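The values are calculated or read from the model by the stated rules, or taken from the named source; none is laboratory data. For clarity, every value in this text was computed on a predicted model and none was experimentally measured. Counting neighbours? That spans all protein chains shown, and the Cβs are built from the backbone with ideal geometry, glycine included. Accessible surface is based on the protein model in full, side chains and every heavy atom, while ligands, DNA and RNA are left aside. Shrake-Rupley method; radii C 1.70, N 1.55, O 1.52, S 1.80 Å.
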Amino acid sequence: MEIIVRGDKVKVTEAMKNYIQEKMDKLNKYLDSSETIHANVVVKIRNVNQIVEITIPLKSCILRTEETQEDFYKAVDKALDKLERQIRKNRTKIQKQTKIKKDFHIEKIEEIEEKNKIAKRKKISVKPMNEEEAILQMELLDHDFYMYIDEETNKPAVVYKRKNNDYGLITSE
């Protein structure tokens with residue numbers, strides 16, 4: 001697995017990179033053809049907290065986690081534990097989807113500097129799927145909502161997590 005580590009307003013040392021590489025190597029046993037997979041790791045600092053964000057785009061889904069700790073090494077360990085749990089929990093669903101689904105990718109991200117305006121814009125390619133697959137994608141990305149094209153109606157839909165941990169669905173007429 002190729003790991004791209006970058007710091008957001010922090011200098012990432014060689015020791016930090018080596019630690020991330022060493023810890024992420026244990027994920028290879030879960031991922032088919034791990035030599036073609038690219039993982040993106042972003043290290044940030046907010047006040048006294050170290051934030052580690054890991055994103056691994058796969059053919060069928062995107063694995064993502066973010067962990068905040070006062071200690072960088074604890075943040076890396078907890079983030080990787082979360083990723084490993086995600087992979088183990090959803091392994092059969094991920095393998096099943098890999099055989100029939102196309103790639104999902106983010107085409108363009110624009111950062112906007114103006115205050116009281118939209119801070120970030122993303123253009124994504126949405127793909128046809130059912131509600132269950134959309135919920136899985138949302139959980140793997142660790143997001144509160146997920147936009148997709150409903151397979152049955154061929155119209156845009158959004159699945160979201162409600163406060164009571166149920167799921168909601170928004171469809172268009």
From the options T55, T13, residue that is under 17 Å from the mean Cα position of the chain (by Cα) and either open to solvent by less than 40 Å² (accessible area, probe 1.4 Å) or not acidic (D, E) (or both)
T55
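Any residue in the stretch 129-137 that is in a strand (DSSP E or B) and at pLDDT 80 or above?
Yes, that holds for at least one residue.
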Please go through the stretch 144-173 and pick out each residue that is assigned to a loop (DSSP other than H, G, I, E, B) and open to solvent by less than 70 Å² (accessible area, probe 1.4 Å).
S172
Can you list residue pairs whose Cβ atoms sit under 6 Å apart, with the first residue in the stretch 54-72 being touching a residue at least 12 places away in the same chain (Cβ under 8 Å) and the second being in a strand (DSSP E or B) and among the hydroxyl-bearing types (S, T, Y)? Count only pairs 6 or more apart in sequence or on different chains.
I54/T65; R64/T55
